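Input: a single structure, listed below in structure tokens.
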Amino acid sequence: VGNQIKPKRAGYEGGTELPDLVVTDVVHDGPYLRVHYTNAGKGATGADFLIEVRSGKLSFGGNSYYRFQVPPLGEETKSGGFTLGLIGLKPGTEADVEVVIDPENRVRETDKKNNTFKKKVVIAAEKK
């Protein structure tokens, strides 16, 4: 995973309120897919997580050396870039992309049922 963006980490005080990780979008951005996500819960945690991307029969489960942190409450955050070829995407095509946030279930959350997001993504042709 290239171009890892270091998001702000949520303050964690060990409270009883839990976060709720939600993918809000997946977009094509140059040679990458970027996943937009937020913490829609009422709390924070010190846990980290992976993001899995899939298209057709190909998937990339994330890189355990580049884990993501729970963002502050309500803050829209985006991942670093997932190279298009990881899941067989090519410029000038479109594909159904599925994203799973925290596929390992490392983050205690208020709602795990909203951790999957699906979208048809148009991959623009390369500029010449």
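The values are calculated or read from the model by the stated rules, or taken from the named source; none is laboratory data. Please read these numbers as outputs of a predicted model, since none were measured by experiment. Positions of Cβ are generated from backbone atoms using ideal geometry, with glycine treated the same way; all protein chains shown enter the neighbour counts. Note: areas computed on protein heavy atoms with side chains; ligands, DNA, RNA excluded. Shrake-Rupley method; radii C 1.70, N 1.55, O 1.52, S 1.80 Å.
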Would you be able to tell me the number of residues in the stretch 22-35 that are in contact with a helix residue (DSSP H, G or I) (Cβ under 9 Å, 6 or more places away or on another chain), part of a strand (DSSP E or B) and open to solvent by 20 Å² or more (accessible area, probe 1.4 Å)? 2
Within the stretch 114-128, the count of residues that are out of contact with any Gly (no Cβ under 7 Å at 6 or more places or on another chain) and assigned to a loop (DSSP other than H, G, I, E, B) comes to 6
